[in-house]
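None of the figures in this text is laboratory data; all of them are computed from the coordinates on show. Being a predicted model, the structure only gives us computed values, none of them experimental. Here the Cβ positions follow ideal geometry from the backbone for every residue, glycine too, while neighbour counts run over all protein chains shown.
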Amino acid sequence: MSPRKSIHDDFDAIVDFFPPESTPDFVYGLVKVTYQRTERGWRRAKAAPLYHDIRLPDTKPFWAPGSDFWPTKVQTDVAVRGSAHSPNGRPAPSCRVRVQVGQHSKGINVYGDRQVLWNNLGRVQFGPAEPFTKMPIVWERAYGGWDRRVPIGIDPMTVADMSRLEFDHPGMYPRNPMGRGYLVVDAPCEGVLLPNLEDPRQPLTPETYVTRDPALWYRQPLPACFEYTNAMMFHRLCWLGAGAWFHPPAGAELAEVRAGVLPPDYLSLRGMLVSAPQVLQEGAIGMVFDPLPAATPIVVEGMHPEIPRVEFALPTPPTVEFSIEGKVYPAPTQLTNVLVEPGELRISMTYAARQEELPRVFIPGIHAKIPLALRIDRTHTVPYDCPPTLREQRKASAGAGS
């Protein structure tokens, strides 16, 4: 599948019906714009393309974090992509990066590589951090991973058990299976590295480092990162109706409940037949906001090699209108995604607009022509790309088989 290209230098956009492959409830438009910092300040730049089109038949919707193609998001996800840079470019064993969105702030302590050591008494010690000048802020560097020494505890295993082990394991840290440093078994283990990224409010300590019981993972610190989350990371998997290998018990005090990303009765989410809309919010904890208005300030500290503090104010959103059978329907926009790339001095924003009032029922695949278009800033028109009808598809299929 070739990567998508923006349809215009100033923006990328689509207009479509939702839900797909059934009688639509509404039409929607998505518009993505990009800004670049120049010597004259922030200016519109060549638009980054809309990312990860979930409408394509071979696309797995939840497996590429940060999709721009969720038209039913109710909040704004903010992600910051890049690396921490040591002050003045001099090697340092640690530093701190921080993101502020409006009045909300989230910081991360960044360390060079540190080994986990065991002394002669078998007690855990943290080795010194190696100096660094640049450290990627990615989930692979945050707290997490899995302890392969934890026994599976299933004998004999069913086909379903073996299938589950392809993406889950009792020694896995459900909040961030991609990370490093999570340890369950209280015994020396060679080559263990501590995470490079930690939440300043929940630092790891030698005394609490080893969980000793895989079912007690939920007592450990939250992983720290500014990137988009994967749908199979706890807490998002709960909104899919799924559960961790060792799901937290009733009455457990969860950091996710305190942060407001899971309800106190989170156990009631298991086995849901329909995914809750919260699963679509892909921002990290502390990086999901009520829809952000224009002029909201965003500040990123410590993630540019020369500029200690990158500042940006959200611009006025584009004006969006739907043209349906010649009638114009103005539509408010909601900011769904903000991707900040401080090292590139670049910010991209995705806006969604929805229109539920339709003059009549339109069914893609049945109607050969649907007079629908998206108008952006009253100067650009994005026509609806009507798919072939079922009749045309059957005819084409019959021709290909002859």
The value for the range 63-125 (convex hull of the alpha-carbon atoms, volume per residue, Å³) is 197 Å³
Report the net charge of residues surrounding S105, where surrounding means a beta-carbon distance below 15 angstrom and charges are Lys +1, Arg +1, Asp -1, Glu -1.
+2
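Report the relative contact order of the range 271-392, percent, no decimals, based on alpha-carbon pairs under 8 angstrom and at least 6 residues apart. If you can, show how the numbers build up before the last one.
Numbers: 171 pairs, mean separation 23.2, N = 122.
Across the range 271-392, relative contact order equals 19 percent.
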Within the range 1-39, backbone nitrogen closer than 20 Å to the virtual label 7 Å beyond the Cα of T379 toward Cβ:
6-14, 30-38
What list of ³J(HN,Hα) couplings, whole Hz, do you get for the range 66-78 from phi and the Karplus terms 6.51, -1.76, 1.60, once you set θ to phi - 60° and write x for glycine and proline?
x, 5, 8, 9, 9, x, 10, 4, 10, 10, 9, 8, 10
Most fluctuating of E321, E306, E357 in the GNM of the chain (C-alpha, under 10 Å) is E357
Rounded, prolate or oblate, given the Cα gyration tensor of the range 183-311, with a/c below 1.5 counting as rounded?
oblate
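Regarding the range 93-143, what's the average projected area of the Cα-atom convex hull, expressed in nm²? Don't jump to the answer; show the numbers that get you there.
Working: hull surface 19.0 nm².
Averaged projected area of the range 93-143's Cα convex hull equals 4.8 nm².
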Gain upon complete extension [D53, V274; 0.36 nm per residue less C-alpha separation]:
77.4 nm
With bins 10 Å wide starting at 0, give me the P(r) of the range 118-237 over every alpha carbon pair, in whole percents.
12, 42, 33, 12, 1
Roughly what angle does helix 390-401 make with the longest principal axis of the chain, taking Cα atoms, 0 to 90 degrees, to the nearest 10?
80 degrees
Along each of its three principal axes, how wide is the spread of alpha-carbon positions in the range 1-83, in whole angstrom units, largest first?
50, 30, 27
Here are a few candidate values for Rg and Dmax of the Cα atoms in Å: [x] 21.5, 65; [y] 24.0, 80; [z] 22.2, 71. Which one was actually calculated from the structure I just gave you?
[y]
Please list, in chain and number order, the residues 5+ apart from A84 or on another chain whose amide H is under 5 Å from its amide H, with Hs placed from the backbone.
M135, I137
Using a Förster distance of 60 Å, how high is the FRET efficiency between L267 and A295, based on the Cβ-Cβ distance and rounded to 0.05?
0.90
Contour minus Cα-Cα span, E39 to A250, at 0.36 nm per residue, comes to 70.4 nm
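Please compute the net charge surrounding M135, taking Lys and Arg as +1 and Asp and Glu as -1 over other residues with Cβ under 15 Å from its Cβ. Please report the intermediate quantities before stating the final value.
Numbers: positive: R81, R90, R96, R98, R114, K134, R141, R180; negative: D113, E130, E140, E198, E227, E301.
Residues near M135 contribute +2 overall.
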Run down the aspartates and glutamates and flag those whose C-alpha is under 16 Å from the C-alpha of K327, throwing out any fewer than 8 positions away in its chain.
E356, E357
Gyration tensor on Cα atoms of the range 225-286, a ≥ b ≥ c root eigenvalues, a/c under 1.5 rounded, else prolate if a/b beats b/c, else oblate, says oblate
When we measure straight from the Cα of K5, which lysines land under 26 angstrom away, once same-chain ones fewer than 8 places off are left out?
K32, K46, K60, K73, K369
Most positive-pole-ward Cα, G326, A313, G343, against dipole of the range 269-349 from beta carbon charges
G326
How high is the relative contact order of the chain, in percent, counting Cα pairs under 8 Å that sit 6 or more residues apart?
21 percent
At what distance in nm do the modelled label points of F26 and V74 sit from each other, each positioned 7 Å from its Cα along Cα→Cβ?
1.2 nm
Give the span of the range 26-160's Cα atoms along each principal axis, as three whole-Å numbers ordered largest to smallest.
64, 56, 27
